[in-house]
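Take this structure, written in structure tokens, and hold onto it; I'll ask about it next.
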Amino acid sequence: MTSAATEYFPPFADYSSSSRSAGDVGRLVHGEFFIAFREMRTSTALWGEIHSAESELQAIFAKCSNPDWDGDGAAPITDMTFQQASRFLLSHPAGLPAPSLSAEHDGRISFDWFGRVGGRVTASVGESSSIPYAAILGPGRVKHGVEQFMGDRIPDDIRDSIRKLA
Amino acid sequence: MPDGVEIAHAVPVDPAEVVARFTINDGHYAKSKGKVKTAMFSPPSHLRLSVFRVEGLTDATTAELGQAEFGDKLSVPKKVLAWATVTARKMTVHGLNFVPGSAAQPPIPAHARHADVVGWPAIEGGDLAKSKRLEMAGLLAEAATLHLV
């Protein structure tokens, strides 16, 4: 596995570290598992959509990692924000619509989930575990708050809000 | 923005007026879904969201205005790719206000069709204030109409 891939899929980075100590066989098994996992992911419609979001994330990082990327004084998307956003995306559960991503002026990355007939949930991912979010679920059904993302599961309030999108 | 660059006695923004938010970032809208993303209306760190007053302008004239007064005046000029329109009322109903006649990109001279949208929850409010700004920006994006150049 390449170092770039290790960085892009942080959950595997930990496994990689431990498998190195187990020697060449461990590395080989790990590499094959990684490839198989990626193939499995891209073979279904859902993972196809998530793969599209991954591509969107990589494009954002490529375009927005320097200061003033928007010509209006925007903060850069840092490596740490990119990695946190990667973890957030990898935590996306099956059965939810795929998010659409944007770079924000303050150097964070926002995730938008759209309802079929209106409404949206937006979560903003930065370097820390705090995730400010807002949910617009219909007339009078609007809320905002801050949840904690611990690296492996989209916070319940955000997940529940996405499920409520029509 | 430094003091004194606003146009004196600029005409106040009428609630029924249409205002436009231009973007040079293709990540600010979902073309295939025809949706404006929340980030398009998320205010920058200085909390002055730049919009233009485009009531009565054609799409072609609006595009020209955006390129000349926004895209070309960025620190590195860029092509305007799209804009989103909403009525001013959609902003004021959330407690936002307009500073008409302000400069789009200081020290560029002020423009009669430009306005800053102010009144956002303060940065000092931390992540909770950020989430409220997301809510306000999301409501604006929901109400907005996307126009592609």
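None of the figures in this text is laboratory data; all of them are computed from the coordinates on show. Since we're looking at a predicted model, the values are computed, not measured. Virtual Cβ from ideal backbone geometry, glycine too; neighbours counted across all protein chains shown.
If you count, for every residue in B:19-29, the Cβ atoms of partner chains within 10 Å of its Cβ, what is the mean?
What the average comes to for B:19-29 is 3.
OK, next. Any of B:Lys78/B:Lys132; B:Lys33/B:Lys73; B:Lys37/B:Lys78; A:Lys164/B:Lys35; A:Lys143/B:Lys78 with alpha carbons more than 27 Å apart? Name them for me.
From the list (B:Lys78/B:Lys132; B:Lys33/B:Lys73; B:Lys37/B:Lys78; A:Lys164/B:Lys35; A:Lys143/B:Lys78), the Cα-Cα distance tops 27 Å for B:Lys78/B:Lys132; B:Lys33/B:Lys73; A:Lys143/B:Lys78.
Tell me, what is the Rg over Rh of the stretch B:21-148, with Rh the Kirkwood radius over Cα pairs?
Looking at the stretch B:21-148, the ratio lands at 0.94.
Taking chain B as a Gaussian network, Cα atoms linked when under 10 Å apart, which of B:Asp72, B:Asp59, B:Asp127 shows the biggest mean-square fluctuation?
B:Asp127
Taking the Cα centre of the stretch B:21-148 as the origin, how large is its charge dipole in debye, to the nearest 20, when only Lys and Arg (+1) and Asp and Glu (-1) carry charge on their Cβ atoms?
Dipole size: approximately 220 debye.
Would you mind pulling out the separation of the Cα centroids of the stretch B:60-96 and the stretch A:143-165, in Å?
Here the two parts' Cα centres lie 32 Å apart.
Note down the relative contact order for chain B as a percent, whole number, built from C-alpha pairs under 8 angstrom at least six residues apart.
35 percent
Now, a different point. Report ³J(HN,Hα) in whole Hz for each residue of the stretch B:20-34, in order, from the Karplus equation J = 6.51 cos²θ - 1.76 cosθ + 1.60 where θ = phi - 60°; Gly and Pro get x.
Taking θ as phi minus 60°, the curve returns 10, 10, 8, 9, 9, 10, 6, x, 8, 8, 9, 4, 5, 9, x Hz for the stretch B:20-34.
Between A:Gln148 and B:Leu57, how high is the FRET efficiency from 1/(1 + (r/R0)^6) when r is the Cβ-Cβ distance and R₀ = 35 Å? Nearest 0.05.
After rounding to 0.05, the efficiency reads 0.15.
Run the quick spin-label model on A:Lys63 and B:Asp26: label points 7 Å from Cα toward the beta carbon, then report their separation in nm to one decimal.
Computed distance between label sites A:Lys63 and B:Asp26 equals 0.7 nm.
What number, rounded to the nearest 500 deg cm²/dmol, is the helix-based mean residue ellipticity at 222 nm of chain B, given -39500 (n - 2.57) per DSSP H run of at least four residues and division by all its residues?
Using -39500 (n - 2.57) per qualifying helix, the result is -7000 deg cm²/dmol.
Take B:Asp72 and A:Asp106, extend 7 Å from each Cα along the Cα→Cβ direction, and tell me the distance between the two endpoints in nm.
3.4 nm
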